[in-house]
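Enquirer: First, the structure itself, so that you have it in front of you.
Nothing in this text is a laboratory measurement; each read-out follows from the coordinates by a stated rule. Everything quoted here is computed from the prediction, not taken from an experiment. Here the Cβ is made from the backbone with ideal geometry for all residues, glycine too, and neighbour counts use every protein chain on show.
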Amino acid sequence: MLNEKCNLIDHETQLEVLCENGTNLYCVTDHNNRFVGFNSNFKKIVKTFNQIDIKPGDSVYDINSTFEHGLFDPWDEIQLKVFKGEHVSTEKELKINNESSIWKMMYYPIIKDKEVVGVSFFSREITEKRNAQKKLEEANIQLKMLSESIDEVLFSVTFNPVKVIFISKGCQKVYGYNQEDFYGNPDLWSDVIIEEDNKVVEDIYEQIKTGETVFCKYRIRNKDGRVCWLGSKIFPTLDKDGKLVRIDGINTDISKRKINESNLIEANNQAEQSNKELIRTLNHFNRAQKIAHVGSWTLKFADKDAIWSDEACRIYGLLPNDNKQSYESWLSFIHPDDLEWVKMEISNSLETLTNTSFNHRIVLRDRTVKFINSVRMFELDEEGNAIGMYGIWFDITESKKAETDIIAKNIELEKINKELDRFVYSISHELRSPLTSVMGLLNIFKEEKSEERNREYIDMISRSVYKMDETLREILDYSRNSRNAITDEEIDLNILIKDIFNSNQYLENEITFKKRLNIVNKEPFYADKARLKVVLNNIISNAIKYRKKNYYNSFIKIDAIVNREKLILEIEDNGIGIHEKYVKGLGGMFFRATTEASGSGLGLYITKECVEKLNGSFSIQSEFGLGTKIRIEIPNHLKEII
């Protein structure tokens with residue numbers, strides 16, 4: 001008996017050296033259920049509960065009774081197993097200083113000469129570990145709920161052998177196959193790829209083998225036979241030897257987007273609509289948010305502040321350490337025009353406990369405006385009472401910009417189509433009318449014997465041919481302005497205006513008007529010469545054609561100032577002028593305010609189009625019987641040339 005106790009003491013002394021400086025509890029008991037030894041932590045916790053100092057020889061049963069529910073319960077059962085040579089491990093909740101904590105209890109047999117002579121007890125606190133496990137389980141539940149609420153397909157695949165370890169429920173909508181189909185057949189995802197796109201996928205595989213993140217597009221044939229376009233972003237994982245062991249990624253059905261792109265390519269080279277990225281993985285929630293550009297937040301109603309993820313802070317232009325935000329501070333980001341209905345949306349959801357999803361705008365501290373898709377869900381207790389909320393924010397700014405661009409392009413296409421219809425109709429009339437006149441006059445000319453009458457017919461034919469030539473020239477100007485790129489060069493306004501007057505001197509047999517030119521060149525002027533020539537020619541030729549007949553004080557006044565920023569040009573005449581009721585219509589395609597001179601009604605329309613192409617401005621003032629004044633401003637591209 002004495003030897004047995006000495007052996008137990010020696011064993012206890014050796015282990016006490018290892019346990020004394022830690023936070024663990026340790027003690028040794030003999031076969032009579034009495035303490036042989038213990039460390040200071042064990043002694044301290046016993047004194048906390050029964051206000052006595054434990055000493056060797058005290059009974060386990062006396063000490064055990066002082067703990068609520070017992071420290072070693074069920075001791076008899078545990079002792080029986082240990083003395084049979086078994087190791088016993090349990091977990092127990094203890095209240096220390098009115099605070100609950102969880103402890104791992106471990107019982108080991110002390111063996112001497114092949115016989116169990118005592119029990120060695122270890123215990124360590126595992127509260128933090130259990131709490132961490134609980135939080136991880138909650139995060140996994142939220143991740144699963146969020147992944148099941150979106151239409152995109154999240155997936156994770158391992159290699160050697162190939163195995164689908166996760167695929168979200170979105171696979172049913174995108175592929176037509178459910179999750180079990182993919183888990184049961186790891187080759188299903190490749191079997192549905194359109195044969196012509198297999199080369200694309202093979203090239204992608206070569207890229208991800210190097211560890212490169214890849215975004216690609218290819219087609220699949222889903223279960224019902226429909227062909228779909230997929231946008232896929234893939235994140236590979238390599239082992240320490242550089243071999244591919246896993247891929248994580250997201251597949252999005254972009255079929256509608258591809259259709260829109262195809263419809264717009266021929267008309268306006270529409271840029272590809274940006275694909276919203278929603279990338280997640282199963283093992284790391286924060287990594288998934290960073291990949292997908294999706295921010296999350298959680299709020300317990302018992303707390304005042306919500307906790308934002310790092311990605312949520314980034315979306316709102318905040319630093320990661322600003323991740324505690326109140327409801328009021330979040331509202332301060334909402335765009336003023338969206339604030340009232342956003343508050344109403346949230347208020348209604350709180351009254352009915354309805355999960356919501358809506359789009360709104362936010363304004364960052366630097367005044368940047370973003371478009372956000374906000375999804376929020378309620379957290380309920382076992383009785384169905386709301387105890388909190390959690391949600392995600394999708395940054396959909398790029399998608400909104402692409403949508404706006406498409407709408408603008410469609411409006412522009414509608415305008416072009418309407419103008420084209422009107423253009424074809426009017427041009428056919430403008431060309432056919434003088435042609436008909438020419439053919440009729442030629443028939444009369446053949447029969448007429450009088451030379452004097454024939455000269456009149458030739459003059460009439462000449463005017464008809466000139467009208468056709470003028471119309472064709474305007475068509476050519478319109479076409480060049482619509483299709484040709486801007487070409488800047490230095491322009492001498494004096495020479496350009498002189499050439500235009502010379503080219504228009506044949507408009508009438510006798511041209512009687514005065515030219516008043518005042519051109520001030522403070523800087524060299526750089527712009528598109530061809531378009532500026534069209535602008536000046538149309539305005540000057542109109543001033544000549546619509547001057548007062550048999551009036552010998554007609555004038556055309558041109559004032560021009562060139563500075564480093566722009567050309568300011570004013571052209572004024574004292575011609576017949578335009579009725580006030582027609583002024584607003586000037587510049588419309590085929591609009592004519594008078595029939596006193598020939599014309600197609602394209603001149604001023606082309607002039608305005610050219611000025612707009614040059615990023616300039618155009619204004620006109622006219623009074624019937626007094627004359628017309630046109631003001632044009634065109635940017636000087638001198639700085640760009642220098």
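Enquirer: Give the Rg/Rh ratio for the range 307-419, taking Rg as the radius of gyration of the Cα atoms and Rh as the Kirkwood radius, to two decimals.
Expert: 1.10
Enquirer: Sum up the charges of everything whose Cβ sits under 9 Å from the Cβ of Ile315, counting Lys and Arg as +1 and Asp and Glu as -1, but leave Ile315 out.
Expert: 0
Enquirer: Which pairs, out of Lys514/Lys557; Lys515/Lys545; Lys169/Lys343; Lys548/Lys629; Lys47/Lys112, put more than 20 Å between their alpha-carbon atoms?
Expert: Over 20 Å apart, Cα to Cα: Lys169/Lys343; Lys47/Lys112.
Enquirer: Something else: Can you flag which of Lys84/Lys134; Lys233/Lys304; Lys163/Lys217; Lys81/Lys129 are past 30 Å Cα-Cα?
Expert: Lys84/Lys134; Lys233/Lys304
Enquirer: Additional query: Hey, how many Å between the Cα centroid of the range 154-182 and the Cα centroid of the range 220-234?
Expert: Taking the Cα centre of each part, the range 154-182 and the range 220-234 sit 13 Å apart.
Enquirer: Within the set of other residues whose C-beta is less than 14 Å from the C-beta of Tyr177, count the net charge using Lys and Arg as +1 and Asp and Glu as -1.
Expert: Summing Lys/Arg as +1 and Asp/Glu as -1 gives -1.
Enquirer: Using the basic label-point model (7 angstrom from Cα toward the beta carbon), what is the Lys217 to Glu412 distance in nanometres?
Expert: That separation, rounded to one decimal, is 1.9 nm.
Enquirer: Among 561-570, 75-84, how do they line up by average Cβ neighbours within 10 Å per residue, starting with the highest?
Expert: 561-570, 75-84
Enquirer: Quick one: what Rg and Dmax do you get for the range 142-251 from the alpha carbons, in Å?
Expert: 13.7, 42
Enquirer: With no solvent and one equal point scatterer placed on each C-alpha of the range 521-579, evaluate the Debye formula and give log10 I(q)/I(0) for q = 0.13, 0.18, 0.30 Å⁻¹, two decimals.
Expert: -0.44, -0.72, -1.26
Enquirer: Residue-wise, which Karplus ³J(HN,Hα) couplings in Hz belong to the range 108-121, taking 6.51 cos²θ - 1.76 cosθ + 1.60, θ = phi - 60°, and x for glycine or proline?
Expert: Rounded to whole hertz, the list is 10, x, 9, 10, 9, 6, 6, 10, 6, 10, x, 10, 9, 10.
Enquirer: Right, here's the next one. Spin-label point model (7 Å from Cα, Cβ direction): what's the Ala302 to Tyr61 distance in nm?
Expert: Simple spin-label model gives 4.1 nm for this pair.
Enquirer: Which value, in nm² and rounded to one decimal, describes the direction-averaged projected area of the C-alpha convex hull of the range 317-364?
Expert: Average of the hull's projected areas for the range 317-364 equals 3.9 nm².
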